[in-house]
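Novice: Please find one structure pasted underneath; my questions will follow.
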Amino acid sequence: MRRFIYCKVVLTTSLVWVLVDVFLLLYFSECNKCDDKDHSLLPALRAVISRSHEGPGEMGKAVNIPKEEQEKMKELFKINQFNLMASDMIALNRSLPDVRLDGFKMFTSQTFNFLQKKLENYVQTLEVPVRILRMEQRSGLIRARLRGAAATSGQVITFLDAHCECTVGWLEPLLARIKEDRTAVVCPIIDVISDETFEYMAGSDMTYGGFNWKLNFRWYPVPQREMDRRKGDRTLPVRTPTMAGGLFSIDKTYFEEIGSYDPGMDIWGGENLEMSFRIWQCGGSLEIVTCSHVGHVFRKATPYSFPGGTGQVINKNNRRLAEVWMDEFKDFFYIISPGVMRVDYGDVSSRKALKETLKCKPFSWYLENIYPDSQIPRRYYSLGEIRNVETNQCVDNMGRKENEKVGFFNCHGMGGNQVFSYTADKEIRTDDLCLDASRLNGPVLMLKCHHMKGNQMFEYDAERLTLLHVNSNQCLDMPSEDDKMVPTLRECNGSRSQQWLLRNMTLSA
Ligand SMILES: [Mn+2]
């Protein structure tokens, strides 16, 4: 009898656990709204999915080149700044793993290493009609895209680079979002295809697009406020301040309405930020649709030459972007990039007129509402050098990176590495780094700004000219004898070495 009771107890507890498991499984698979999955697949895609997954690079695996071929491989690498030999070994429609949140099957796309006729022959074998347009002369990405867009007749335009591969179900969620809201401009998650082995690696849904003072695009972690807005549901689109490059879908008429691309920009560079600012400031939205994945080969160097040099072209484009969209905040870009002011940016009057017609909001609105965690502070007291009264030298980031000590050097008045901003949050920033001190009498480091005050909070006293590090209750002082290049913290003593002049200091932020 007792045995029977034991048995019952064991059975009941197991049953309870089984039910809990089933519940958990159902619950977590419910989270995944990414998927209608296979229902709507074209026959061609089904064929790809069902074929055998062998051969170089299949299922997104790495392709390793045998030793004896490596010399040749290096030669070919230079042509496109990616491993052309590996790329050529991979089937045009290789299979890829399904990297979506719950995992399933995959479709493929292709990197075209074809030229001219070969490409035309190839696209004729595809089951969808494909038209190839060629520019008469090298015009760069921006003007080529404008030409392509003008030739489209569909309701939605999707831009991708040539060095992309798409995964199954990448397009539907982009289109679905535009159907909901035609002013939503949507990007996929950009997965990483290795430039060396073409291995396929899933990108993160936890990063979004930003930019630094030099107007370089950068990935930053999706902030808590955006997680909260989506109530923790990672399958919902992420509102991103900027788009990485040119991988996005947009309603065709909206593309035209909002001003397509700036045709005054050359070749490449800055157009992604220009479009991002414009979309947000002029009433649209820019989103990363986390259910959509597209792979992209990130290259370490550009394989192209630019007329007048890469820097010239990018500086010109960035100036156009800053002049039209950034209002007074363009100062951050100009002051940290000495020399850029000398670059001629052409005529921007038609772009400014567009901004007027569309009644676009100012950049301060964008910083406040769309990108409050921006590297460019919405409110700040000073922007420029920080000069020591005793030595007449300046705080200098010395071009050093995150986690290194901040330096100290003769003031050169040229901006660049000697530009700091004392912000309304009482941080001392240089680009996306903040002065940070974590121990008494310690050196001052540069760390990623965390917006949490703490070790990054300094109180400037505009009368005594002191910079008090609040956490340690010590003052920023000139370097010590043994480390002449590094400003340090010391007990506040009212000496001239603890007095600092902040350039362009205003008392209200
Ligand atoms: Mn690209």
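Novice: Give the residue that is farthest from the ligand (Cβ to nearest atom), with candidates limited to residues of the stretch 280-301 that are in contact with a Ser or Thr (Cβ under 7 Å, 6 or more places away or on another chain) and assigned to a loop (DSSP other than H, G, I, E, B).
Specialist: Among those residues, the one meeting the criterion is Gly283.
Novice: Tell me, please, whether a residue that is farther than 19 Å from Phe211 by Cα, outside any loop (DSSP other than H, G, I, E, B) and hydroxyl-bearing (Ser, Thr, Tyr) can be found in the stretch 374-390.
Specialist: Yes, the stretch 374-390 contains a residue that is farther than 19 Å from Phe211 by Cα, outside any loop (DSSP other than H, G, I, E, B) and hydroxyl-bearing (Ser, Thr, Tyr).
Novice: Continuing with this model, one more query. Of Gln124, Gln155, which residue is modelled with pLDDT of 95 or more and more than 16 Å from the ligand (Cβ to nearest atom)?
Specialist: Among Gln124, Gln155, only Gln155 is modelled with pLDDT of 95 or more and more than 16 Å from the ligand (Cβ to nearest atom).
Novice: Among Pro221, Pro241, Pro237, which is more than 16 Å from the ligand (Cβ to nearest atom), assigned by TED's automatic domain parsing to the domain that holds Ser285, farther than 25 Å from Ile314 by Cα and surrounded by 18 or more Cβ atoms within 10 Å (Cβ to Cβ)?
Specialist: Pro237
Novice: Could I ask something else about it? Looking at the stretch 462-476, is at least one residue among the polar types (S, T, N, Q) and touching a helix residue (DSSP H, G or I) at 6+ places or on another chain (Cβ under 6 Å)?
Specialist: yes
Novice: Condition check: within 30 Å of Ala462 (Cβ to Cβ), modelled with pLDDT of 95 or more and in contact with a Pro (Cβ under 9 Å, 6 or more places away or on another chain). Does Ser374 satisfy that?
Specialist: yes
Novice: Identify the single condition in (1) over 30 Å from Leu84 (Cβ atoms); (2) within 16 Å of the ligand (Cβ to nearest atom) that Phe211 does not satisfy, given that it satisfies every other one.
Specialist: (2)
Novice: Considering only the stretch 244-264, state which residues are assigned to a loop (DSSP other than H, G, I, E, B) and within 16 Å of the ligand (Cβ to nearest atom).
Specialist: Matches in the stretch 244-264: Ala244, Gly245, Gly246, Leu247, Tyr261.
Novice: Additional query: With respect to the numbered conditions (1) of a type in the set (Val, Ile, Thr); (2) modelled with pLDDT under 95; (3) more than 16 Å from the ligand (Cβ to nearest atom), which one is the sole condition not fulfilled by Thr357?
Specialist: (2)
Novice: Would you mind finding the one in Pro338, Pro307, Pro362, Pro303 that is surrounded by fewer than 18 Cβ atoms within 10 Å (Cβ to Cβ), outside the structural domain of Leu160 (by TED's automatic domain parsing) and in contact with a Gly (Cβ under 7 Å, 6 or more places away or on another chain)?
Specialist: After ruling out the rest, the residue left standing is Pro338.
Novice: If you scan the stretch 162-191, which residues turn out to be among the charged types (D, E, K, R) and either within 16 Å of the ligand (Cβ to nearest atom) or buried (at least 18 other Cβ atoms within 10 Å of the Cβ) (or both)?
Specialist: Result: Glu165, Glu172, Arg177, Asp191.
The values are calculated or read from the model by the stated rules, or taken from the named source; none is laboratory data. In this text, all values refer to a predicted model and were calculated from it rather than measured experimentally. Glycine gets a Cβ as well: all are built from the backbone with ideal geometry, and neighbour counts include every protein chain shown.
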